[in-house]
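Contents: one structure, followed by commentary.
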Amino acid sequence: MMPTLLASLGYGLAITLLFASCAPLALRAHPRRMALALAAVCALLHLPILGISLLAVLRGALGDLSIVTLVFLSILFFRGPQSLLPYPRCFTLMGLAFFFLSFGVSPLHPYAWGYAPVVLTCLTGGLACLLWLRGGYAFSLALLAALLAWRLHWLDSSNLWDYLLDVPLVMTALGRDVFSGVAGRLPRAR
């Protein structure tokens, strides 16, 4: 029940934010309209089309969203994109290194660390505390929420990495890094 609820909320937030970024300011400026749009999208995700819901398709294709992604989507929904500016490069580097190592580029296999996570839990908690002290409140909150959700088994996985990283988060961060780098090199119109 909880994984389906979290997946519905996460994909609902992502789709609502995507449409709101393309919508006129009238939608984004009114919290009540944004909340109604989120509720409508979450409801539409559960409607069966040809015997399967869009939520099931998204979960099957992309997997469940991590708790870190859910926290960041919530922050984007309530506070806007300026609240997460420093984080994409961090997720790009961490995600690419993690995924390449997990696919056998090296004998080091970090995904296995998530099943016996004493060290990983300590590192994640320590990083959250360090980030909090340095003013990285959003990232710190996301890491602490992931640790709490992992401890309460809110997702189907028992691996801590699945609460910290997911493919959509890494791909979004990579896309933002690539496109911001390309946009920074383009000549500006005068």
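The values are calculated or read from the model by the stated rules, or taken from the named source; none is laboratory data. The shown structure was predicted, so the numbers you read here are calculated from the model rather than taken from an experiment. Note: ideal-geometry Cβ built from the backbone for every residue, glycine included; neighbour counts use all protein chains shown.
Observations, loosely collected:
- Matching entry among 43, 7 (being in a helix (DSSP H, G or I), surrounded by fewer than 16 Cβ atoms within 10 Å (Cβ to Cβ) and at pLDDT 90 or above): 43
- Among the residues of the range 106-137, the one identified as touching a Pro at 6+ places or on another chain (Cβ under 9 Å) and either in contact (Cβ under 8 Å) with a residue 60 or more places away in the chain or not in a helix (DSSP H, G or I) (or both) is 136.
- Here residue 131 does not fit the description of being crowded, with 18+ Cβ neighbours inside 10 Å, touching a Phe, Trp or Tyr at 6+ places or on another chain (Cβ under 8 Å) and either on the phi > 0 side of the Ramachandran plot or modelled with pLDDT of 90 or more (or both).
- In the range 37-82, the residues that are touching a residue at least 60 places away in the same chain (Cβ under 8 Å) and hydrophobic (A, V, I, L, M, F, W, C): 62, 65, 67, 68, 70, 71, 72, 73, 75, 76, 77
- Near pairs, Cβ below 6 angstrom, 6+ apart or cross-chain, from the range 143-160 (outside any loop (DSSP other than H, G, I, E, B)) to any residue that is among the aromatic types (Phe, Trp, Tyr) and surrounded by 13 or more Cβ atoms within 10 Å (Cβ to Cβ): 146/163; 149/163; 150/163
- Residue among 104, 136 that alone is crowded, with 18+ Cβ neighbours inside 10 Å and farther than 17 Å from residue 10 by Cβ: 136
- Conditions (1) under 23 Å from residue 1 (Cβ atoms); (2) assigned to a helix (DSSP H, G or I): number failed by residue 170: (1)
- Any hit, the range 68-79, residues being of a type in the set (Ser, Thr, Tyr), more than 15 Å from residue 16 (Cβ to Cβ) and surrounded by 16 or more Cβ atoms within 10 Å (Cβ to Cβ): no
- Note on the range 60-80: among residues that are in a helix (DSSP H, G or I) and touching a Phe, Trp or Tyr at 6+ places or on another chain (Cβ under 8 Å), the one that is modelled with the highest pLDDT is 67.
- Cβ-Cβ contacts under 8 Å between residues 6 or more apart (or on different chains), taken from a first residue in the range 7-19 that is within 18 Å of residue 162 (Cβ to Cβ) and assigned by TED's automatic domain parsing to the domain that holds residue 31 to a second residue that is assigned to a helix (DSSP H, G or I) and among the polar types (S, T, N, Q), are listed as 10/69.
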